[in-house]
Structure formats: structure tokens, C-alpha cells
1. Starting at the first residue of the stretch 50-62, write each ³J(HN,Hα) from the Karplus equation 6.51 cos²θ - 1.76 cosθ + 1.60 with θ = phi - 60°, in whole Hz, x for Gly and Pro.
2. Going by accessible area, probe 1.4 Å, with all protein chains left in place, what is the ranking of Trp33, Trp1, largest first?
3. Taking a probe of 1.4 angstrom, what is the accessible area of Asp19 in Å², to the nearest 10?
4. Show me, bin by bin at 10 Å from 0, the whole-percent P(r) of the chain based on Cα pairs.
5. With a 1.4 Å probe and all protein chains left in place, how much accessible area per residue does the chain have, in Å²?
6. With an 8 Å cut-off on Cα pairs and a minimum separation of 6 or more residues, tell me the relative contact order of the stretch 13-141 in percent.
7. Based on the Cβ-Cβ distance from Gln86 to Thr22, what FRET efficiency comes out when R0 is 22 Å, to the nearest 0.05?
8. Would you look at the GNM of the chain, springs on alpha carbons closer than 10 Å, and say which of Gly80, Gly15, Gly39 moves the most?
Amino acid sequence: WSVGETAEHIAIAEGFLFDLSTKAMSSAPDPDWETKTKGKTEFLERALLNRTRKVQAPEPLNPGGIAMTRDEVIAKFKAGRAKTIQFAETTQLPLREHITAGPFPVLDPLNAYHFVLYIPLHNLRHDQQIAEVKATPGYPK
């Protein structure tokens, strides 16, 4: 992906992941949440920051079908990030007790907390990707 495609992906993924957190919160609290999600926080922290393993984005997040201008990407990212930060700073909800499936079955189940945590980890992953693209000989084309 180009830097622009990666930026579009990040901007759209912010809302997508936040919506997965909301989806998890709409489910009843799972009394076995600790057992079902044990080790997932640490796994996400390791896996998302490790770019040696490439992952195909879910279809709604694939930048091949996205056509946003630079200004649209920036505005979408800022709006989504403001919503995420406001929620993270103010929520008193028991995020860990609510679990659901995510975009990658290998990670399931994840809880609402995981999807909120996923957002900055996902951004860091793609920050690394942007740095790789910019380090490519001949950049920019």
C-alpha cells in the first residue's frame, strides 16, 4: 500500500474497531470472560506490533475500494480519534466482561476493552508500514 492508502485504512479502521467494541458491549456480560480472553491483551500487544507477519485487511478496510482525498482522510481520522479518546477517558463500563467475535477468527473471542486497545496498536503497526514505504529507494514516486 502507498502512504495515502495506509492513511485511508487507518482512518476507516478507527471507526470499524470502535464499532466492534460497541458491538461487544451490546452483548450480555460473559461470566467466563477471564477464562475466554486470558492472554489476549498480551497477544495483541505482541502480534499487532510485529510486522514480520503480513495480514490481509478485512474487505471493508481494504484501501483498494476507498477513494478519499487527503483532507477527507485527515478529517475522518481526527473525528474518529476524538470519539475514541473521549470514550476511553470517560467510560466506567465493564469493557472486559463483554466479548464478541472480531475480524480475525484466530483472535476470537475478544472483549470490548481489546477492541479499544486494538485501535492504537493497529495505528502503530501502520506507522511502521508507512516508515517502511518512505524508506523504500525511489520514494516518493
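1. Those phi angles translate into 9, 8, 6, 10, 7, 10, 7, 5, x, 3, x, 10, 6 Hz.
2. Working: Trp33 60, Trp1 105 Å².
Heavy-atom accessible area, descending, gives Trp1, Trp33.
3. So the heavy atoms of Asp19 present about 90 Å² to solvent.
4. 11, 40, 34, 13, 3, 0
5. Details: 8400 Å² over 141 residues.
For the chain, the solvent-accessible area averages 60 Å² per residue.
6. Working: 108 pairs, mean separation 59.6, N = 129.
Relative contact order of the stretch 13-141: 46 percent.
7. Numbers: r = 14 Å, r/R0 = 0.62.
After rounding to 0.05, the efficiency reads 0.95.
8. Ranking Gly80, Gly15, Gly39 by mean-square fluctuation puts Gly39 first.
The values are calculated or read from the model by the stated rules, or taken from the named source; none is laboratory data. For clarity, every value in this text was computed on a predicted model and none was experimentally measured. All Cβ positions, glycine included, derive from the backbone under ideal geometry; neighbour counts span all protein chains shown. All accessible areas refer to the heavy atoms of the entire protein, side chains included, with ligands and DNA or RNA removed. Shrake-Rupley method; radii C 1.70, N 1.55, O 1.52, S 1.80 Å.
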